[in-house]
């Protein structure tokens, strides 16, 4: 038996806003964008990095009742806004170059690239508050 | 397109991010309040409600955490460490640090191995010590069965 990671989910406050951010600012590709009228217009929206076709992030709207009661929805919205709902860890082979390119597209970093024992690390947030780390991991064999 | 709804906490998170990102600058609570787009009094109240501590406390403990890391991993002077984390008074840095960590910055540093011990290990050493024990599949299963 074996399995692979295919998709992981992020809660977002607004799918259009998140889609714009992850495609136009971060530069990811849309993998699927399907709205299902028979399911209360549930929208399955996924994005992923170019060149890594078998992994995607689901940009999931925070649902209302009957999926999630109002109070729970409010709590989830709040947790996302406080930045405690999750993190995506991205790796790159050139953190400084990625920082320059994403910044030039208007993406605001919360941490500029910095040397760490494990590599060069930086971070930003999506409009909802989810944190994204962008790391150039050091090859330990080169130390 | 109309403005997208964002819970109020999203603005407070901007202030928290600013503290995390720029603790080494002479930031104060007014700067954090500006990042959240709120008046200082309203901001402090809302920040505490969202994150359970005052913005002043958050910024100070972020600075102390960074200072503690510099004391452990570098041999820079206590004064240098103090200024490197955005604090300008050595006296109040020492007081806050001692209250938080239960010992002075100098004693804290002395309680950890010298920073040189944390220097990166050269590649040859990594190769010597990182090489695994050779084992066959059969030996693996035998070990697992124990």
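The values are calculated or read from the model by the stated rules, or taken from the named source; none is laboratory data. Owing to the predicted nature of the structure, the values given are computational and were not obtained by experimental measurement. No Cβ is skipped: glycine too gets one built from the backbone with ideal geometry, and neighbour counts run over all protein chains shown.
If you take the residues in region A:16-30 that are in contact with a strand residue (DSSP E or B) (Cβ under 8 Å, 6 or more places away or on another chain) and either crowded, with 17+ Cβ neighbours inside 10 Å or under 16 Å from residue A:124 (Cα atoms) (or both), which one is farthest from the other protein chains (Cβ to nearest Cβ)? Give the steps one after another, and end with the answer.
Going through region A:16-30, the residues in contact with a strand residue (DSSP E or B) (Cβ under 8 Å, 6 or more places away or on another chain) turn out to be A:18-19, A:22-23, A:26, A:28-30.
Now restrict to residues that are either crowded, with 17+ Cβ neighbours inside 10 Å or under 16 Å from residue A:124 (Cα atoms) (or both): A:18-19, A:22-23, A:26, A:28.
Details: A:18: 9, A:19: 12, A:22: 14, A:23: 15, A:26: 17, A:28: 19 Å.
Looking at residues that are in contact with a strand residue (DSSP E or B) (Cβ under 8 Å, 6 or more places away or on another chain) and either crowded, with 17+ Cβ neighbours inside 10 Å or under 16 Å from residue A:124 (Cα atoms) (or both), I get A:28.
Scanning region A:36-61 for residues that are farther than 30 Å from residue A:119 by Cα and modelled with pLDDT of 95 or more returns A:43, A:44, A:45, A:60, A:61.
Being touching a helix residue (DSSP H, G or I) at 6+ places or on another chain (Cβ under 6 Å) and within 27 Å of residue A:62 (Cα to Cα) is a description that does not apply to residue A:123. For beta carbons closer than 9 Å, sequence separation of 6+ or different chains, a first residue in region A:122-133 that is more than 10 Å from chain B (Cβ to nearest Cβ) and a second that is in a loop (DSSP other than H, G, I, E, B), the qualifying pairs are A:126/A:26; A:130/A:83; A:130/A:85; A:130/A:86; A:132/A:26; A:132/A:126. Checked against the criterion of being surrounded by fewer than 19 Cβ atoms within 10 Å (Cβ to Cβ) and either within 13 Å of chain B (Cβ to nearest Cβ) or without any contact (Cβ under 8 Å) to a residue 12 or more places away in the chain (or both), the candidates A:81, A:112 yield just one match: A:112.
Okay, residues lined up against (1) within 11 Å of chain A (Cβ to nearest Cβ); (2) free of Cβ contacts under 8 Å to residues at least 24 places away in the same chain:
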{"residue": "B:8", "(1), (2)": "yes, no"}
{"residue": "B:16", "(1), (2)": "yes, no"}
{"residue": "B:19", "(1), (2)": "yes, no"}
{"residue": "B:26", "(1), (2)": "no, no"}
{"residue": "B:30", "(1), (2)": "no, yes"}
{"residue": "B:38", "(1), (2)": "no, no"}
{"residue": "B:44", "(1), (2)": "no, yes"}
{"residue": "B:48", "(1), (2)": "no, yes"}
{"residue": "B:51", "(1), (2)": "yes, no"}
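So, of the residues in region A:113-143 that are at pLDDT 95 or above and in a loop (DSSP other than H, G, I, E, B), which turns out to be nearest to residue A:85 (Cα to Cα)? The qualifying residue nearest to residue A:85 (Cα to Cα) is A:130.
Those helices (runs of 4 or more DSSP H) of region B:48-106 in which 3 or more residues are under 26 Å from residue A:82 (Cβ atoms) occupy B:55-73. Condition check for residue A:70 on (1) surrounded by 11 or more Cβ atoms within 10 Å (Cβ to Cβ); (2) over 18 Å from the mean Cα position of the chain (by Cα): one failure, at (1).
Only one residue in A:59, A:45 is more than 14 Å from every other protein chain (Cβ to nearest Cβ), outside any helix (DSSP H, G or I) and in contact with a helix residue (DSSP H, G or I) (Cβ under 7 Å, 6 or more places away or on another chain). Which one? Spell out how you get there, then give the answer.
On the way: A:59 fails: more than 14 Å from every other protein chain (Cβ to nearest Cβ).
Every option except A:45 fails the conditions.
For the condition crowded, with 19+ Cβ neighbours inside 10 Å and either modelled with pLDDT of 95 or more or part of a loop (DSSP other than H, G, I, E, B) (or both), residue B:43 qualifies.
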